[in-house]
Structures are given as structure tokens and as C-alpha cells.
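Here is the structure we will look at.
The values are calculated or read from the model by the stated rules, or taken from the named source; none is laboratory data. Here the structure is a predicted model, which means the values were calculated and not measured. Because the Cβ atoms are built from the backbone with ideal geometry, glycine has one as well, and the counts that use them run over all protein chains shown.
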Amino acid sequence: MSSSPSDATAPDPRPYDALLLLSFGGPEGPDDVMPFLRNVTRGRGIPDERLAEVAQHYLRLGGVSPINEQCRRLLAAIRADFAAHGLDLPVYWGNRNWTPYLTDTLRQMAEDGVERAIVFVTSAYASYSGCRQYREDLAAAQAAVGERAPRCDKLRHYFNHPGFVEPMIDNTVAALRALPEDLRAGARLAFTTHSIPISWAETSGPEGGAYVAQHLEVARLVATGVQERTGVAHPWELVYQSRSGPPSQPWLEPDICDHLDALRSAGAAAVVIVPIGFVSDHLEVRYDLDTEALDHAAKLGLAATRAATVGVDPRFVAMIRELVLERAVAERGQPVARRAVGRLGPSHDVCPLDCCPNPWGHRPAAKA
């Protein structure tokens, strides 16, 4: 009989003695914007002129990325959930690209005596930028801290965990209800995620193609859940946003605004934009969707709403606790139930060596 992370017995996180919330990071004020963008693009030869264009997106929001405040809210929610369920595990927060920097957080963890941490990354899918790059940054931070740095194991991908999928179903239903009543039944669903180079998408996951396949599965699951709740089968598509590469490099398409054009040309009257590629309403959601995409839909005369991301939904926060205990049981060598919905099943705990390769060359990566 397998153990379950939700058993009534006192939760046991061994061998882990801390949880690390690892995120992307973002500027906290106008003076931070350009230094932050240089951190994000370091080593890629992107000129300041191009970064200055991107900086305007942040400056329109006061130079403050929403992501850090959302991480603070998630951090507080995780701590409250752990305390409510008797899980005695300190929770730390570190970012790849802005304060609190990952290296500083690992140094503090080492000073606090943490030896082995489990890592929750605010990216649900397999790709270089969404998985391996975080693991590379973990390895670099561990090397900078030295021999006292805690070992860090990254939690599995959670795109198809019910704690992620079920809130997205509810959020999509709520967004549909925000449309004029006479347009709801005919509304299209546009599931959005961050565009990445096609070459990265083709090499994502152990066998390639995982980035697109995982998003298509989540879109299918959410659309099916919406149909079960509303009785209406809404046509849907997976589309992309926030492209940042040169025009000469092929990226995943169609772009959300191009898709809105196509919907209007085909006679669609309403659309719900569902950002399944993101776990919180950070810049790519607040600007690229709430500003650019919704403004574009309005110019087209296309009724549009945007579904909320999971944020700090209690089911999402409980999922983090469940995944921590699931991995702890597995690391202790015991069988464990691993929840996932849909056709793809639960993801691997440890990434294969050739999974989601670095497009710029090899860098050491922490164990998944």
C-alpha cells in the first residue's frame, strides 16, 4: 500500500529541512528597470536601445514589476498553510534576476544551518527558460556560496496537478460570466503562454516537444472542465505572447494579437484570454494581455475578458505542500501517490542530463 502526502499522521518533510521559493524577480522602482533587464539578458548581446523599448512596459506600471509582491503573498500563504497543517519547515525566497538574489538567499540558508532544501519554481512547464535555467542558476549560486551551500532538489513540473488545473477552470468560468450574457455561449477560449524559440520547444522535455504538448494538455483539461461546469463546449486554441527574440529567429506562433485579428475576421464576437502559462499576474499578464491584447480586442470590436491566474488560490498553495511531502516520501525510499490529471501523468522528479539543453552551451545544473 502506498503512502499519501495527505495522510492524517504528522507531516514528515525529511530529508528536507527547508523550502526555497525560487522565482524570476523584477524591478521594484524606475531606477531598477534597466539594471534588471541587463541581468535578464546578460551574455546575449542585446543592445541597450532594445532594452529601453522593453523598459517602457515596466515604466508604464510605475517601474515596478508585480511579480515580487506576488511572491511575497505566495510566501506568506505557504507559511500559513504549512503552519495550519503542522508542517514544520522554514520557507525562504530567492530570485534569479533581482533582489532577493538567489545567491544571497542560499548564503542565508547556509548560515541558518539548512543542509538540504526542496525548491518550488514559479514555472509549471518544461523548457530551457522554465526549468534548466533555474537549475543552472541554482548550481551557480551553490558554487558562489561554497561547500556550506545546501543541496537543492527541484520539485517536479506541476502543470497537470489538480491544484493548478482546477483553479484555472474556475477562473475561466468566472471570466466567461464577465462577458455580456448574450455573447457567452459563443465565446472562444484563447489559452496563452510565453512564446519561446521553436528550437527550444523542440528540445524541451526528455523526448522533445514537451513545452507545447504540456500546454495543449492543460488547455484541453481546462476547456473540458469549463464545459462540464457550463454545459457549453467552447472552441479553443493555444496561442503565444511576449516574444522577445530577433525577427530572424523562429518563435512559437500565433501571437495573441494576431489570433484576435483572425477571430474577428472569422466572425467571432467574444473571447476569453486564459493565461495558463503563468502562475501569477506579473508583467507579461498585466501589460502584454491586460494592456496590449485587451486594447487590441477593443479596437477590433471583439468583446474580451481575461481569466485570473492561480495566484494564491488555496488549492494551489496546498499543492505546494503536497508536492513537498510527496518528494520527501520518495526520497526516503517509500512508495507514494503522485497526483496528476489528464493523459500525460506525473512528471519526473529528476531531469535527464539531455533534457531542455542550454542553447548557448553547457552550464552545470543542480539536480532536479
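Residue count for the stretch 114-160 under the criterion of being without any contact (Cβ under 8 Å) to a residue 40 or more places away in the chain and either in a helix (DSSP H, G or I) or not charged (D, E, K, R) (or both): the result is 1. Pairing each residue of the stretch 93-105 that is not assigned by TED's automatic domain parsing to the domain that holds SER129 with any residue that is in a strand (DSSP E or B) and crowded, with 20+ Cβ neighbours inside 10 Å, provided the two are 6+ apart or on different chains, yields no C-beta distance under 7 Å. Taking SER244, is it of a type in the set (Ser, Thr, Tyr) and farther than 30 Å from GLY45 by Cα? Taking the combined requirement at face value, the residue does not satisfy it. Checking every residue in the stretch 319-336 against the condition of being in contact with a helix residue (DSSP H, G or I) (Cβ under 9 Å, 6 or more places away or on another chain), part of a loop (DSSP other than H, G, I, E, B) and surrounded by fewer than 22 Cβ atoms within 10 Å (Cβ to Cβ) gives at least one match. Taking the criterion of being of a type in the set (Asp, Glu), under 27 Å from ALA269 (Cα atoms) and either modelled with pLDDT under 95 or touching a helix residue (DSSP H, G or I) at 6+ places or on another chain (Cβ under 9 Å) (or both), would at least one residue in the stretch 144-158 satisfy it? No, every residue in the stretch 144-158 fails to be of a type in the set (Asp, Glu), under 27 Å from ALA269 (Cα atoms) and either modelled with pLDDT under 95 or touching a helix residue (DSSP H, G or I) at 6+ places or on another chain (Cβ under 9 Å) (or both). I'm checking my understanding of the structure. Among residues of the stretch 45-68 that are more than 18 Å from GLU292 (Cα to Cα) and of a type in the set (Asp, Glu), which one is surrounded by the most Cβ atoms within 10 Å (Cβ to Cβ)? Applying the filter and picking the extreme gives ASP48.
Just one of the listed residues (LEU106, LEU102, LEU87, LEU155) is hydrophobic (A, V, I, L, M, F, W, C), out of contact with any His (no Cβ under 9 Å at 6 or more places or on another chain), buried (at least 18 other Cβ atoms within 10 Å of the Cβ) and under 22 Å from GLN214 (Cα atoms), and it is LEU155.
From the residues in the stretch 272-301 that are charged (D, E, K, R) and not in a loop (DSSP other than H, G, I, E, B), which one is surrounded by the fewest Cβ atoms within 10 Å (Cβ to Cβ)? So, considering only residues that are charged (D, E, K, R) and not in a loop (DSSP other than H, G, I, E, B), the one surrounded by the fewest Cβ atoms within 10 Å (Cβ to Cβ) is LYS299.
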